[in-house]
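Take a look at the structure below.
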Amino acid sequence: MDYFRSSLNAALALLISGDWEVYFIVWTSLKISLAAVALASVIAVPCGVTLGIAEFAGKRLLRQGLGSLMALPTVVVGLLLYGLLSRRGPLGDWGLLYTPTAVVIGECVLILPVMIHLVSTAVMGSDPRLLLTLKSLGAKGWRYFVLVLSETRAGVLAALVTGFGRAVGEVGIAMMLGGNIQGLTRTMTTAIALETSKGEFELGLALGILLLTVAFIINGLLVWLQPEK
């Protein structure tokens, strides 16, 4: 108990002192995760809205597949992308492995099915009269898409926040594709794993506290975005 108490005090001292190493790792995590969400949203939002409003054979099966991919193990994504981006892989000439870009791509692939599924669910769960009203008013094409997106913005934002939450707490992809390089690809999760294995429990605990704080903020945003009943 004394060991944990002293470690906790040391971790809090690191946070209060504004330790550069700790907060730079946090900044790297947030930067990579936000970039992954931004990249994924460019694909997920249009696809999710389209999936939500369109009717076609196999729609239920497609949504079931997306739901299954929401539980896709991160190490599987990391392994597949490692094979593609490694020097002997088909994309090895791009030189992306062990760079922040590789981690962004990996996290984007990880959260993409999550965000598409949640956006489509938000659209399908909207007022049934919404789509009929828009069609009766003559909304078509891009305008129709924008109006649907506007009416379901709370659900869409919740999908983006959920995607960010999964990205920032991810460790397998960041470790395999980023290499946990100090000052470049070291994120909160990979740093916690590394520092704890080195016996630097205080630094790992400080980063863990910050990661829990980020998770608390994300959960608060999700609750705030839920429509009142």
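The values are calculated or read from the model by the stated rules, or taken from the named source; none is laboratory data. None of the values given here were measured: they were computed from a predicted structure. All Cβ positions, even for glycine, are placed from backbone atoms using ideal geometry, and neighbour counts span all protein chains on display.
Is it fair to say Gly52 is part of a helix (DSSP H, G or I), under 25 Å from Glu170 (Cβ atoms), out of contact with any His (no Cβ under 6 Å at 6 or more places or on another chain) and modelled with pLDDT under 95? Can you show your working first?
Numbers: part of a helix (DSSP H, G or I): yes; under 25 Å from Glu170 (Cβ atoms): no; out of contact with any His (no Cβ under 6 Å at 6 or more places or on another chain): yes; modelled with pLDDT under 95: yes.
When the stated conditions are applied, Gly52 does not pass them.
Filter region 1-26 down to residues that are of a type in the set (Phe, Trp, Tyr) and either modelled with pLDDT under 85 or in contact with a Leu (Cβ under 6 Å, 6 or more places away or on another chain) (or both) and give me whichever is surrounded by the fewest Cβ atoms within 10 Å (Cβ to Cβ). Write out each step before concluding.
Within region 1-26, the first condition is being of a type in the set (Phe, Trp, Tyr), and the residues that meet it are 3-4, 20, 23-24.
Remaining after also requiring either modelled with pLDDT under 85 or in contact with a Leu (Cβ under 6 Å, 6 or more places away or on another chain) (or both): 3-4.
Values: Tyr3: 8, Phe4: 10.
Per the criteria, the residue is Tyr3.
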Looking only at region 98-121, decide whether some residue is exposed (fewer than 14 other Cβ atoms within 10 Å of the Cβ) and farther than 10 Å from Ile173 by Cβ. no
Could you list all residues from region 180-204 that are of a type in the set (S, T, N, Q) and part of a helix (DSSP H, G or I)? Thr189, Thr190, Thr196, Ser197
Would you check if Leu177 is part of a helix (DSSP H, G or I), over 16 Å from the mean Cα position of the chain (by Cα) and surrounded by 22 or more Cβ atoms within 10 Å (Cβ to Cβ)? no
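Suppose the filter is closer than 18 Å to Leu112 by Cα and either out of contact with any Cys (no Cβ under 9 Å at 6 or more places or on another chain) or among the β-branched types (Val, Ile, Thr) (or both); does Val49 pass it? First the steps, then the outcome.
Numbers: closer than 18 Å to Leu112 by Cα: yes; either out of contact with any Cys (no Cβ under 9 Å at 6 or more places or on another chain) or among the β-branched types (Val, Ile, Thr) (or both): yes.
In short, yes.
Can you tell me which residues in region 180-191 are on the phi < 0 side of the Ramachandran plot, free of Cβ contacts under 8 Å to residues at least 24 places away in the same chain and surrounded by fewer than 21 Cβ atoms within 10 Å (Cβ to Cβ)? Explain how you work it out, then say what you get.
Within region 180-191, the subset on the phi < 0 side of the Ramachandran plot is 181-182, 184-191.
From the residues that got through so far, the ones that are free of Cβ contacts under 8 Å to residues at least 24 places away in the same chain too are 182, 190.
Within region 180-191, Gln182 is the sole residue that qualifies.
Can you tell which of Val37, Val22, Val26 is under 20 Å from Ala174 (Cβ atoms) and in contact with a Gly (Cβ under 8 Å, 6 or more places away or on another chain)?
Details: Val22 fails: in contact with a Gly (Cβ under 8 Å, 6 or more places away or on another chain); Val26 fails: in contact with a Gly (Cβ under 8 Å, 6 or more places away or on another chain).
Going through Val37, Val22, Val26 in turn, the sole match is Val37.
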Filtering region 209-229 for residues that are more than 18 Å from the chain's Cα centre (by Cα), touching a residue at least 12 places away in the same chain (Cβ under 8 Å) and assigned to a helix (DSSP H, G or I) leaves a count of 1
Can you name the residue in region 27-72 that is of a type in the set (D, E, K, R) and in contact (Cβ under 8 Å) with a residue 24 or more places away in the chain and, of all such residues, is surrounded by the most Cβ atoms within 10 Å (Cβ to Cβ)? Arg63
